[in-house]
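All remarks here apply to the structure that follows.
The values are calculated or read from the model by the stated rules, or taken from the named source; none is laboratory data. Computed from a predicted model, the values in this text were never measured in an experiment. Quick reminder, even Gly has a Cβ in these numbers, built from the backbone with ideal geometry, and neighbours come from all protein chains shown. SASA here: full protein model, heavy atoms, side chains in, ligands and nucleic acids out. Shrake-Rupley method; radii C 1.70, N 1.55, O 1.52, S 1.80 Å.
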Amino acid sequence: IMASDYVIGVLKTEVDSFEGLSYYYLDYIEGLSKEKQEICNEEVKLLGIVAYQYDKTDTIDNLILEISKEDERISKLLFETIIYYRKRVKGFRSRGISRNDIHDKKAMEMFDSLTDEILERVLNDQDK
């Protein structure tokens with residue numbers, strides 16, 4: 001964060017993650033530039049929040065995503081792209097990222113879409 005222009009919050013669609021993001025992380029990022037101007041980029045911006053490991057069949061995941069979309073602070077920051085729970089994504093850490101088969105390609109489409117959104121937000125912010 002100290003040398004970055006932007007940060008991205010990650011919201012794993014679980015209660016603890018939502019509470020940590022909404023009660024601690026957002027305040028920390030918003031206050032970071034004010035409190036630590038001498039050691040960090042005083043203009044660091046929260047570019048957005050990505051919902052991660054979302055399982056659309058899980059009641060809690062659906063509830064957390066719905067609450068996030070209704071939350072005044074979080075909703076305006078949420079990326080449209082959601083990173084869904086996929087065994088392929090979990091396996092990327094141990095076997096590496098590839099686009100070797102249809103399942104890898106399908107999993108990577110989420111990250112490609114997120115990358116496009118990130119780049120769009122950065123470019124829009126730089127135009128201001």
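Any idea what the dipole of the chain comes to, in debye rounded to 20, about its Cα centre with Lys/Arg Cβ at +1 and Asp/Glu Cβ at -1?
Details: 19 positive and 27 negative charges, 150 e Å.
About 720 debye.
Can you pull the percent of the chain's accessible area that's carbon plus sulfur, 1.4 Å probe, other chains left in place?
Values: 4210 of 8520 Å².
Reported share for carbon and sulfur atoms: 49 percent.
Using a cut-off of under 16 Å, list every residue of segment 71-103 whose amide N is near the label point 7 Å from the Cα of K128 along the Cα-to-beta-carbon line.
73-79
Work through the residues other than T59 whose Cβ is under 15 Å from its Cβ and net out their charges, Lys, Arg +1 and Asp, Glu -1. Walk me through the numbers on the way to the answer.
On the way: positive: K56; negative: E14, D55, D58, D61, E66.
Net local charge, T59 excluded: -4.
If you count, for each residue, the other Cβ atoms within 10 Å and average over each peptide, how do 92-105, 63-76, 13-26 line up from highest to lowest? Numbers along the way, then the final one.
Values: 92-105: 10.9, 63-76: 14.1, 13-26: 16.1.
So the order, starting with the most tightly packed, is 13-26, 63-76, 92-105.
Just going by the charge dipole of the chain, with Lys and Arg at +1 and Asp and Glu at -1 on Cβ, which of F18, M108, V44 is farthest out on the positive end?
M108
Compute the distance in nm between two label points, each set 7 Å from the Cα along the Cα-to-Cβ direction, one at E72 and one at R99.
Each label point is offset 7 Å from its Cα along the Cβ direction, giving 4.3 nm.
In square angstrom, what is the accessible area per residue of segment 56-125 with a 1.4 angstrom probe?
Details: 4910 Å² over 70 residues.
Averaged over the residues of segment 56-125, the accessible area is 70 Å².
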